[in-house]
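Just so it is clear, none of the values below were taken in a lab; they were calculated from the coordinates. This is a predicted model, so every value here is computed, not measured. Every residue, glycine as well, gets a Cβ built from its backbone with ideal geometry; the counts of neighbours run over all protein chains shown.
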Amino acid sequence: MFDKQQKIPISCDHGGFDMKEFLRIKLEKLGYVINDMGTYSDDSVDYPDFIHPLAKAVNDGEFEAGIILCGSGNGAQMTANKYSGVRAALCWTPEQAELARKHNNANIIALPGRFISNDMAIEMALKFLNTEFEGGRHQRRVEKISKTL
Ligand code: RB5
């Protein structure tokens, strides 16, 4: 669960641009304060140029949670997960978005702008923003994620 009053950053490449605009407008109407970190048109861009600044800001504690998009969601998620304090979850269904919070304490949701509907995207974004991490055995598992062999 993320407080409605704190800023939620959102960023994307051209593959996620239309959906990013939809989400920004919809979330603002619902009372969220959105920090739009681009891209700002559907001109072709490189997704890392827009995902790195958002992921770094979440990693640095500037924001508690963020939303990222690209065409498939893969490039955005891969880029964000380069930061040790980021747990970015690529989600295709509201159930995955809910579990990403409950079980994985995800602090970024990655969405595949070219493969899901806007209605599905807002449903997932709201699930992500409004679900608590369960902790307990999941806390132990999340702590093991960074313990590479
Ligand atoms: C851009 O064409 C596309 O490759 C990008 O949006 C994303 O799907 C990359 O993972």
#### Entry: Label-point gap, in nm, between T93 and D3 - each point 7 angstrom along Cα→Cβ
3.4 nm
### Task
List the relative contact order of the chain as a percent without decimals, with contacts defined as Cα pairs under 8 Å and 6+ residues apart.
25 percent
### Summary
Using alpha carbon positions and the Kirkwood radius, the Rg to Rh ratio of region 1-54 is 0.99
### Task
Report, by chain and number, residues whose modeled amide H sits under 5 Å from the one on F63, excluding near sequence neighbours (fewer than 5 apart, same chain).
V58
### Summary
Residues whose built amide H sits under 5 Å from the amide H of L69, excluding neighbours closer than 5 in sequence, are S11, C12, D13, L111
### Summary
For region 52-111, the Cα-Cα pair-distance distribution in 5 Å bins from 0, as whole percents, is 4, 23, 33, 24, 13, 2
### Summary
Of 107-117, 42-52, ordering from highest average Cβ density within 10 Å down gives 107-117, 42-52
### Task
Using θ = phi - 60° and the Karplus relation 6.51 cos²θ - 1.76 cosθ + 1.60, list the HN-Hα couplings for region 116-132 in order, rounded to whole Hz, with x at every Gly or Pro.
10, 7, 4, 4, 5, 5, 5, 4, 5, 4, 5, 4, 4, 6, 10, 10, 7
### Query
Stretched out fully, how many nm does the piece from S146 to R114 gain, at 0.36 nm a residue minus the Cα gap?
8.5 nm
### Task
Starting from 0 in steps of 5 Å, tell me what percent of the Cα-Cα pairs of the chain lands in each bin.
2, 11, 21, 25, 23, 11, 5, 2, 0, 0
### Summary
Once both label points are put 7 Å beyond Cα along the C-beta direction, the L30-S44 separation in nm becomes 3.4 nm
### Task
Provide the per-residue ³J(HN,Hα) series for region 133-148, in order, calculated from phi with Karplus coefficients 6.51, -1.76, 1.60 and θ = phi - 60°, each as a whole number of Hz, with x at glycine and proline positions.
5, 7, x, x, 4, 6, 4, 4, 5, 4, 5, 6, 4, 7, 8, 6
### Message
Give me a comma-separated list of calculated 3J(HN,Hα) values for region 78-90, in order, Karplus coefficients 6.51, -1.76, 1.60 applied at θ = phi - 60°, integers in Hz, x for any Gly or Pro.
### Response
4, 5, 4, 6, 6, 9, 5, x, 9, 10, 9, 10, 7
### Query
For the residues M78, M37, what sequence is obtained by ranking on other C-beta atoms within 10 Å, fewest first?
M78, M37
### Query
Between Y40 and residues 5 or more places away or on another chain, which pairs have amide H atoms under 5 Å apart, with H built 1.01 Å from N, and which residues are they?
none
### Query
Could you give the distance between the Cα centres of region 64-113 and region 1-49, to the whole Å?
14 Å
